[in-house]
Amino acid sequence: MQGTAERRVEIMKKLCRRRKDTIGNLAHELGVSERTVRRDLEALSLSEPIYTQSGRYGGG
């Protein structure tokens, strides 16, 4: 089980490698809820620009 900081680092690594991903996919890979990923992205966006897109192929 990862802590919050480790999970957020992992999210950033995944986004840097892939550039695009879905919240559902990140949640599945990390073993957390989509809400947790959304909270993590919100926190991460305070220090790094993270752009999200809603809709069929968007992040949530």
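The values are calculated or read from the model by the stated rules, or taken from the named source; none is laboratory data. Here the structure is a predicted model, which means the values were calculated and not measured. A quick note on method: Cβ atoms are made from the backbone with ideal geometry, for glycine too, and the neighbour counts reach across all protein chains shown.
Remarks
- Of all residues making up region 12-29, the number that are at pLDDT 95 or above and within 17 Å of P49 (Cβ to Cβ): 0
- Matching residues, region 1-53, being of a type in the set (A, V, I, L, M) and loosely packed, with under 11 Cβ neighbours inside 10 Å: M1, A5, L46
- Flag for D40 being assigned to a loop (DSSP other than H, G, I, E, B) and either out of contact with any Phe, Trp or Tyr (no Cβ under 7 Å at 6 or more places or on another chain) or in contact (Cβ under 8 Å) with a residue 24 or more places away in the chain (or both): no
- Some residue of region 12-25 being over 10 Å from the mean Cα position of the chain (by Cα) and among the hydroxyl-bearing types (S, T, Y): no
- Taken together, V32, V9 contain a single residue that is in a loop (DSSP other than H, G, I, E, B) and either at pLDDT 95 or above or more than 11 Å from the chain's Cα centre (by Cα) (or both), which is V32.
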